[in-house]
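Down below is the structure, laid out as structure tokens.
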Amino acid sequence: MKRALGVAAVLVASVVSAQGSEITPSDVVYEDGAVVQSLTGVAGNAEEGAKIMNKGAGNCIACHEVTALSHLPFHGEVGPMLDGAADRWSEAELRGIVANAKMMFDGTVMPSFYKTDGFVRLGNAYTGKAHEGDVDPLLTAQQIEDVVAYLMTLTDE
């Protein structure tokens, strides 16, 4: 029993330690719109990032066209084509754009995917009522890193 409790304590400490390295949305440091430091300290997974580009929390292709994802329907034309994104922007710039594009592109209509405060008239889904309580970011820190990892694969070469 004593050994099991010791193992459990080590596991809890590991989880707390891992969570402690994640940068919260309010602590992200933007330098000219770019975010140099990883939000998690863990490398992003490009395959997971490609999944986020489709429907769901990310849904990047609703506004952007990506030739590598041409098997997915309904690419948008609101935002720029993302082919060659890794040639146009650095990893830090892409992290900043995905986390909160408004920090780099004033007036953009792109949502802030890693932001939890400073909203104006935030609604409660489609209820017509105001949101109550804390706001969760649209994407987690690791999902941001995954999308950035995927975007870094999009080169013109």
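The values are calculated or read from the model by the stated rules, or taken from the named source; none is laboratory data. These figures come from a predicted structure and were not determined experimentally. Cβ placement follows ideal geometry from the backbone for every residue including glycine, while neighbour counts extend to all protein chains displayed. Side chains are part of the model used for accessible areas, which takes the heavy atoms of the whole protein and leaves out ligands, DNA and RNA. Shrake-Rupley method; radii C 1.70, N 1.55, O 1.52, S 1.80 Å.
Relative to the Cα centre, the charge distribution of the chain, modelled as +1 at Lys and Arg Cβ and -1 at Asp and Glu Cβ, gives a dipole magnitude of about 760 debye. In this calculation the C-beta distance from His71 to Ala130 is compared with R0 = 30 Å, giving a FRET efficiency of 0.15. From helices alone, the chain scores -10000 deg cm²/dmol at 222 nm; the rule is -39500 (n - 2.57) for each run of n ≥ 4 DSSP H residues, then divide by the residue total. Which angle from 0 to 90°, rounded to the nearest 10, does the C-alpha axis of helix 141-151 make with the longest principal axis of the chain? The answer is roughly 40 degrees.
When the charge dipole of the chain is built from unit charges on Cβ atoms (+1 for Lys and Arg, -1 for Asp and Glu) and taken about the Cα centre, the candidate among Thr155, Leu138, Phe105 whose Cα reaches farthest toward its positive end is Leu138.
Sparse packing (at most 16 other Cβ atoms within 10 Å of the Cβ) combined with a DSSP loop state is found for the following chymotrypsin sites (Phe, Trp or Tyr not before Pro) in segment 101-150: Phe105, Phe119, Tyr126. Computed from phi, the 3J(HN,Hα) profile of segment 62-70 under the Karplus parametrisation 6.51, -1.76, 1.60 (θ = phi - 60°) reads 5, 10, 10, 9, 9, 4, 5, 10, 4 Hz, with x in place of Gly and Pro.
By the Cα gyration tensor, the chain has an equivalent ellipsoid whose semi-axes, rounded to whole angstrom, run 30, 21, 16 from largest to smallest. Computed from Cα positions, the angle between helix 2-20 and the longest principal axis of the chain comes to roughly 30 degrees. Among the chymotrypsin sites (Phe, Trp or Tyr not before Pro) in segment 18-104, those located in a DSSP loop and surrounded by at most 16 other Cβ atoms within 10 Å of their own Cβ are Tyr30, Phe74. In sequence order, segment 87-98 has phi-based couplings of 7, 8, 10, 6, 4, 5, 5, 5, 4, x, 5, 5 Hz under the Karplus curve 6.51 cos²θ - 1.76 cosθ + 1.60, θ = phi - 60°, and Gly or Pro positions carry x.
Annotation: per residue accessible area for segment 26-98 equals 54 Å², rounded to a whole number [probe 1.4 Å, protein chains only].
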